[in-house]
There are 2 protein chains.
Amino acid sequence: MKKRIISTAVLFMAVLVSFAQQALWDRQAIVSPEINADNTVTFRLRAPKAVKVEVTGDFLPAQPTQTPHGTFERPGVASLSEKEGVWEYTTPAPLPSQLYSYTFIVDGQRMNDPANVAMIRDVASVTNVFIVKGDPGDLYSVNDVPHGTVARRWYDSPTLKEKRRITIYTPPGYEADKQSYPVFYLLHGSGGDEEAWISLGRTAQIMDNLIAQGKAVPMIIVMPNGHTQNNAAPGESDRKYIPAMGGGPRQAVASMEDSFGDIMKFVENNYRVKKGKAYRAIAGLSMGGMHAAAISAGYPGTFDYVGIFSAPPIASMRTLSGDDAVKYAEAFLKKLETQKKNGYKLYWIACGNTDFLYQGVLTSVKKMDEIGFTYTYRESGEGHIWKNWRIYLSEFAPMIFR
Amino acid sequence: MKKRIISTAVLFMAVLVSFAQQALWDRQAIVSPEINADNTVTFRLRAPKAVKVEVTGDFLPAQPTQTPHGTFERPGVASLSEKEGVWEYTTPAPLPSQLYSYTFIVDGQRMNDPANVAMIRDVASVTNVFIVKGDPGDLYSVNDVPHGTVARRWYDSPTLKEKRRITIYTPPGYEADKQSYPVFYLLHGSGGDEEAWISLGRTAQIMDNLIAQGKAVPMIIVMPNGHTQNNAAPGESDRKYIPAMGGGPRQAVASMEDSFGDIMKFVENNYRVKKGKAYRAIAGLSMGGMHAAAISAGYPGTFDYVGIFSAPPIASMRTLSGDDAVKYAEAFLKKLETQKKNGYKLYWIACGNTDFLYQGVLTSVKKMDEIGFTYTYRESGEGHIWKNWRIYLSEFAPMIFR
């Protein structure tokens, strides 16, 4: 018996070594990314056969890139240098505190860093991430504070005639206490799904930390899937997944705006929520910002708090151009008049000053000025990126339900 | 105003095109994998600069591979052929229904399929997945049936002196009804964490489908993190993540086995559960199978149902070799005597006949025979792979709480 056990043990360890050697047991372990003592960061990749290895990510300055559609800001690209099959790049200066995303490009092909277990999916791609500690990196980190719960549930949408998946954050203590809580509906953009705000948005970490610091009140956060042609994230859907950004048939029987009532009904029937507009907030990024504007105007007297992140409020993804867009804007302005009469506590519009939608946002707020619709305008640097949306969430959440 | 709106719209669409072109809007869209009408599968990758493109995955026959530790079964590798920068491979025969994982290897570097949005993380790596419909593929798919809820919660472990994350599946209807449910503790292997059974294991899909078909009773499934040196999956932990398989300092103050009582206490205090051994099951794969054996023997009279998947029950990851392993086995056999006296309804041991632990499992069951400890032995083909663990879960869950 002794021999058998030992032989099994040796086999077991040997196979662990063999299975894991790529990422965990590399002959000479690769550390990547390495956050150095001075907050410069070193990236490393073992790729002895590669001719050219680059890294791209939001830690590099964005660069104007010529495309057939015009000039756009794209993440920068840096080249790694090779020594004995290991490629390496160190940032020339310390990086400010932040959650950063990056990807290697090996001979023109994007690939993840096999040495970094931290990665986040964003619909069609997975990128590696790392956090440089400090402010705001610590806010996006899991800290030793009370944690809320993140549940993936399915609700029934009679309007869309289907079950749909939804992500719900309940604050620390929700399961044990008997209190009712205010509800914040938080909507993703065209490139996202019901996972987006939890994964790239770091909503659970941000809210756990803001609540622990007393900077935000405990609240329930509801993150639905805003693409009514899909009922869930890739791999969680009961049909062939239709990529979210443009393309593909959109055969949904109703829009996000028209089916939103099903979500509210589900939440108010299934959670201990405070009811009334003083206890409801809605915000969204990009397409979700347009949704938040349309829903807060289209469900009168429902929301006291509205956040529009990186989107022109007076626009819709369904009528982006031509006469339809003009008709939408005219009808929307009438709804804003009603929203103004009904009253609200905060209408917060945030945009980056290099965002490709920046001019559209300025056009929208000018129209709002003309009809005397009050709002708070927050302009940040940079553009249409998650870095900004995490900042906007961190600033918006403390202002609501106060 | 009209001009502005149109200009914003054009910009918006242009940027969507520009952002998404890699994966979603490729000039000539790449479809990969394509499941053909006859269930052959075609893989495609655009890589004009590559010299050699291969695909590896569990759809290819495993091949014996020589390593310094001996000969092991590894997933096969197939070469793609190139035409105008697009590489392609079609399986020579139809694939049986299954959930398959695969990865491209481009000039020696592993990379994900940029055309496939379905992917699953397994600790240190992300692989693409696809399902060939039929039996058992349909069981692993989201179907239009009532869905349970999957919650990521944090519980307090006084034994480990920390908060730990845990994944909990509650069956369809749990939130709305007042019933109590039996509890099934389901443990991951050395390479996993509290996400493993939900992601690669497809537990939510399997249980939703088995319950809808009346093949399993509604139950709560508790999936803790079995690595006591980590308190959560990568990116969800409040400390530097220690890769799970071997390596790295293990500074946990107590083992999974010794701290398991904290998990049971949390579940029984926070969920509507039926109490008593008739309503508790425990199972695990590989390291988790050893945990399930040790916990069911070490918490006498607690579990009527025990499942050991691809692991020798009479072994522990903590004492894999030498005199310690022999002492562990001797002490464990005494505990089995007690477990036998206390009684249980099902002790189910399953292993693949090419598993590297197969001989160890046979040694364990031989020892159990010698002391008259009854069990059910289920031998499958193939080895230490998720395909087998999904099968074992699908077979074990219907047998419990009956």
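About the Cα centre, and with charges only on the beta carbon of Lys, Arg (+1) and Asp, Glu (-1), how big is the dipole of chain B? Nearest 20 debye, please.
Values: 44 positive and 40 negative charges, 226 e Å.
In debye, rounded to 20, chain B gives about 1080.
Would you mind getting the Kirkwood hydrodynamic radius of segment B:278-398 from its Cα pairs, rounded to one decimal in Å?
On the way: mean 1/r = 0.0707 Å⁻¹.
It works out to 14.2 Å.
Return the distance in nm (one decimal) between the two label points of a simple spin-label model at residue A:180 and residue B:268, each offset 7 Å from Cα along Cα→Cβ.
3.5 nm
Please give every one of the aspartates and glutamates within straight-line cross-link reach of residue A:49, meaning a C-alpha to C-alpha distance under 18 Å, and leave out same-chain neighbours fewer than 8 residues apart.
Partners found: A:26, A:82, A:84, A:88, A:107, A:113, B:54, B:107.
Quickly work out the residue B:66-to-residue B:275 label distance, labels modelled 7 Å from Cα along the C-beta direction, and quote it in nm with one decimal.
6.1 nm
Using 1/(1 + (r/R0)^6) with R0 = 56 angstrom and r between the beta carbons of residue A:229 and residue B:370, what's the FRET efficiency to the nearest 0.05? List each step's numbers first, then the result.
Details: r = 61 Å, r/R0 = 1.09.
Computed FRET efficiency for residue A:229 and residue B:370: 0.35.
Can you give the relative contact order of segment B:20-134 as a percent, counting alpha carbon pairs under 8 Å and 6+ residues apart? Kindly include the intermediate steps, with their values, before the conclusion.
Numbers: 219 pairs, mean separation 31.9, N = 115.
Averaging sequence separation for qualifying contacts and normalising by length gives 28 percent for segment B:20-134.
Just add up the charged neighbours of residue B:351: K/R +1, D/E -1, any other residue whose Cβ is under 12 Å from the Cβ of residue B:351.
Around residue B:351, the surrounding residues sum to -2.
Restricting to the protein assembly as shown, compute how many DSSP beta bridges are antiparallel as a %, nearest 5. Before the final figure, lay out each step's value.
On the way: 99 of 147 bridges.
Antiparallel: roughly 65 percent of the beta bridges in the protein assembly as shown.
For a quick protection proxy, order the peptides A:314-324, B:228-238, B:372-382 by their average other-Cβ count within 10 Å, most packed first. Spell out each step's value before the answer.
Values: A:314-324: 18.5, B:228-238: 20.9, B:372-382: 13.9.
Answer by packing, highest mean first, reads B:228-238, A:314-324, B:372-382.
Can you divide the C-alpha Rg of segment A:23-134 by 2.2 N^0.38 Å and report the result to two decimal places?
Values: Rg = 14.3 Å, N = 112, 2.2 N^0.38 = 13.2 Å.
This ratio for segment A:23-134 stands at 1.08.
Using the alpha-carbon centroid of each, what span in Å lies between segment A:217-239 and segment B:158-197?
When both Cα centres are located, 22 Å separates them.
Using the alpha carbons of segment A:116-207, what is the convex hull volume per residue in cubic angstrom, as a whole number?
Values: hull volume 13.7 nm³, N = 92.
Normalising the Cα hull of segment A:116-207 by residue number yields 148 Å³.
Of A:401, B:260, A:309, how do they rank once you tally other Cβ atoms within 10 Å and put the fewest first? It would help to have the intermediate numbers written out before the result.
Working: A:401 21, B:260 25, A:309 28.
Fewest-to-most ranking of A:401, B:260, A:309: A:401, B:260, A:309.
Spelling out what I want: for every residue of segment B:206-215, take phi, set θ = phi - 60°, compute 6.51 cos²θ - 1.76 cosθ + 1.60 (Karplus), and round to whole Hz; glycine and proline get x.
Going residue by residue, I get 4, 6, 3, 6, 5, 5, 4, 7, x, 8 Hz, with x marking Gly and Pro.
One quarter of the convex hull surface, Cα atoms only: what value does that give for segment B:131-260 in nm²? Display every interim value, and only then the final one.
Working: hull surface 37.5 nm².
Average projection, Cα convex hull of segment B:131-260: 9.4 nm².
Long-range amide H contacts for residue B:382: which residues qualify at under 5 Å (H placed 1.01 Å from N, peptide plane, sequence gap of 5 or more or a different chain)?
So residue B:382 has HN proximity to B:353, B:354.
For the pair residue B:240 and residue B:143, what calculated FRET efficiency results from E = 1/(1 + (r/R0)^6), where r is the Cβ-Cβ distance and R0 = 25 Å, to the nearest 0.05? Don't skip to the end; give the middle numbers.
Values: r = 40 Å, r/R0 = 1.61.
The computed FRET efficiency comes out at 0.05.
Given B:353, B:42, B:228, which one lies farthest toward the positive end of the charge dipole of the protein assembly as shown, if we put +1 on the Cβ of every Lys and Arg and -1 on the Cβ of every Asp and Glu?
B:228
Helix B:322-342 against the longest principal axis of chain B: what's the angle in degrees, Cα atoms only, rounded to the nearest 10?
Result, in degrees: 70.
Of A:388, B:283, B:326, which is farthest on the positive side of the dipole of the protein assembly as shown, counting Cα position, with +1 on Lys and Arg Cβ, -1 on Asp and Glu Cβ, and the Cα centre as origin?
Of A:388, B:283, B:326, it is B:283.
What does the structure give for A:314-322 when I average, per residue, the other chain Cβ atoms found within 10 Å of the residue Cβ? Display every interim value, and only then the final one.
Values: counts 4, 5, 1, 4, 0, 2, 8, 9, 4.
Whole-number average of other-chain Cβ neighbours for A:314-322 is 4.
For chain A, give the share of DSSP beta bridges that are antiparallel, in percent and rounded to the nearest 5; count only bridges with both residues there. Each step should come with its number before you reach the end.
On the way: 48 of 72 bridges.
For chain A, the DSSP antiparallel bridge percentage is about 65.
Can you tell me how much longer the chain between residue B:36 and residue B:321 gets when fully stretched, taken as 0.36 nm per residue apart minus their C-alpha distance, in nm with one decimal?
On the way: separation 285, 0.36 × 285 = 102.60 nm, distance 4.87 nm.
Contour length minus the Cα-Cα distance gives 97.7 nm.
Of A:75, A:151, A:338, which is farthest towards the positive pole of the protein assembly as shown's charge dipole, taken about the Cα centre with +1 and -1 on the beta-carbons of Lys, Arg and Asp, Glu respectively?
Result: A:338, furthest along the dipole toward the positive end.
Based on Cβ point charges of +1 for Lys and Arg and -1 for Asp and Glu, what charge dipole magnitude is obtained for segment A:23-134 about its Cα centre, in debye rounded to the nearest 20?
Numbers: 10 positive and 12 negative charges, 38 e Å.
That gives segment A:23-134 a dipole magnitude of about 180 debye.
Using the alpha-carbon atoms, what tilt in degrees (0 to 90, nearest 10) does helix A:358-370 show relative to the longest principal axis of chain A?
20 degrees
Report, in listed order, any pair from A:277/A:345; B:274/B:334; B:277/B:335; B:163/B:265; A:274/A:340 with a Cα-Cα distance greater than 19 Å. Write out the running numbers ahead of the final one.
Working: A:277/A:345 10 Å; B:274/B:334 29 Å; B:277/B:335 17 Å; B:163/B:265 14 Å; A:274/A:340 23 Å.
Those over the limit are B:274/B:334; A:274/A:340.
Subtract the Cα-Cα distance of residue A:215 and residue A:82 from 0.36 nm times their separation in residues, and report this length gain in nm to one decimal. Provide the component values of the computation, followed by the final result.
Details: separation 133, 0.36 × 133 = 47.88 nm, distance 4.70 nm.
43.2 nm is the gain from fully extending residue A:215 to residue A:82.
Evaluate peptide B:356-367: per residue, the Cβ atoms of other protein chains within 10 Å of its Cβ; return the mean as an integer.
Values: counts 7, 4, 2, 4, 7, 1, 1, 6, 3, 0, 2, 2.
For peptide B:356-367, the averaged partner shielding equals 3.
Note down, for the protein assembly as shown, the three equivalent ellipsoid semi-axes (square root of 5 times each alpha carbon gyration tensor eigenvalue), biggest first, whole angstrom.
Details: eigenvalues 403, 202, 119 Å².
They are 45, 32, 24 Å, listed largest first.
Quick check for me: using +1 on Lys/Arg Cβ and -1 on Asp/Glu Cβ, what's the dipole size of the protein assembly as shown about its Cα centre, in debye to the nearest 20? Please list the in-between numbers first.
On the way: 88 positive and 80 negative charges, 315 e Å.
With only Lys, Arg, Asp and Glu charged at Cβ, the dipole is about 1520 debye.
Using packing as a proxy for protection, rank B:199-206, B:73-80 so that the peptide with the highest average count of other Cβ atoms within 10 Å comes first.
On the way: B:199-206: 23.1, B:73-80: 16.4.
Ranking the peptides B:199-206, B:73-80 by packing returns B:199-206, B:73-80.
Which peptide among B:216-224, A:345-353 comes first, and what is the full order, when sorted by highest mean count of other Cβ atoms within 10 Å? List each step's numbers first, then the result.
Values: B:216-224: 23.4, A:345-353: 21.1.
Top of the packing list down: B:216-224, A:345-353.
May I ask you to derive the relative contact order of chain B, considering only C-alpha pairs under 8 Å and at least 6 residues apart, and to give it as an integer percent? Kindly include the intermediate steps, with their values, before the conclusion.
Numbers: 755 pairs, mean separation 45.1, N = 402.
Normalised by residue count, the contact order of chain B is 11 percent.
Which whole number gives the average count of other chain Cβ atoms within 10 Å of the Cβ atoms across peptide A:305-313?
1
Take the Cα atoms of chain B, build their convex hull, and give its volume per residue in Å³. Please list the in-between numbers first.
Values: hull volume 78.7 nm³, N = 402.
Here the figure is 196 Å³ per residue.
All of the numbers you see were taken from the coordinates with simple rules; none came from a lab. What you see is a predicted model; the values in this text were computed from it and never measured. FYI the Cβ positions are ideal-geometry reconstructions off the backbone, even for glycines, and counts take in every protein chain you see.
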